[in-house]
Amino acid sequence: MSAHRHTVTALGAPGAVGPYSHGVVSDGLLFCSGQVPLDPETGELVGGTIGDRTRRCLDNLAAVCGAAGAQLADAVRLTVYTTDMGQFAAINEAYGAYFPNDPPARVAIGVAALPLGTDVEIDAVVALPAG
Ligand SMILES: C=C(N)C(=O)O
């Protein structure tokens, strides 16, 4: 740990699948690592639909936010990575329910592959509440 940054570990988020922290706080911002749709209780990728997996990614990010004293609604920008842009509408339907008002900025990117073979991953930058 150094004075200008500290890492965040969330008990409610699945363990990291590589050499990264759940999040890093610096200068009033929380930089959340990408969350893949792992169930934090089982450590397994969730099945179902890409909407289910999108919700799992966002729930995992919410846990990381909570560990830093923030909420997902404090996010200023998220990035959605997917291997299947054919499911863009389904991703948006699930995603949109998390941000009914004034949604954060977002980037959506189609990629060739994602960790553990999943089809969606989401990261976030979050503004920490003052105080
Ligand atoms: C899942 C990740 N965020 C990673 O492997 O970097």
- [ ] Report relative contact order for segment 1-52 in percent, whole number only (criteria: Cα-Cα under 8 Å, sequence separation at least 6).
- [x] 28
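What FRET efficiency comes out for Asn101 versus Leu11 if R0 is 22 angstrom and r is the Cβ-Cβ distance? Round to the nearest 0.05.
Working: r = 29 Å, r/R0 = 1.30.
Calculated value: 0.15.
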TODO: Taking the Cβ of each residue in Ser33, Ser26, Ser21 as the centre, tally the other Cβ atoms inside 10 Å and list the residues starting with the fewest.
DONE: Ser26, Ser21, Ser33
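Calculate how many DSSP beta bridges within the chain are antiparallel, expressed in % of all such bridges and rounded to the nearest 5. Intermediate values should be presented prior to the final figure.
Details: 21 of 27 bridges.
Within the chain, antiparallel bridges account for around 80 percent of the total.
Using the alpha carbon gyration tensor of the chain, what are the three equivalent-ellipsoid semi-axes (square root of 5 times each eigenvalue), largest first, in whole Å?
Working: eigenvalues 107, 57, 32 Å².
The equivalent ellipsoid of the chain has semi-axes of 23, 17, 13 Å.
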- [ ] Could you point to the residue in Leu128, Leu116, Gly48 farthest towards the positive end of the chain's charge dipole, with +1 and -1 charges on the Cβ of Lys/Arg and Asp/Glu respectively?
- [x] Leu128
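Residue separation times 0.36 nm, minus the C-alpha to C-alpha distance between Ala112 and Ala127: what's the value? Intermediate results must be reported in sequence, preceding the final value.
Working: separation 15, 0.36 × 15 = 5.40 nm, distance 3.01 nm.
Working it through step by step, the gained length comes to 2.4 nm.
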Open item on the list: Given the options Leu29, Ala97, Cys65, identify the residue whose Cα lies farthest towards the positive end of the charge dipole of the chain (+1 on Cβ of Lys, Arg; -1 on Cβ of Asp, Glu).
Closed with: Leu29
Task: Sum of -39500 (n - 2.57) over DSSP H runs of 4+, divided by residues of the chain (222 nm, nearest 500) - done: -6500 deg cm²/dmol
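When the dipole is taken about the Cα centre of segment 5-125, and only Lys, Arg (+1) and Asp, Glu (-1) are charged at their Cβ, what size is it in debye, to the nearest 20? List each step's numbers first, then the result.
Details: 6 positive and 13 negative charges, 47 e Å.
Roughly 220 debye for segment 5-125.
Throughout, read-outs are computed from the coordinates displayed, never taken from laboratory work. Since the model is a prediction, treat every value here as computed from it, not as a measurement. Every residue, glycine among them, receives a Cβ derived from its backbone with ideal geometry; neighbour counts consider all protein chains shown.
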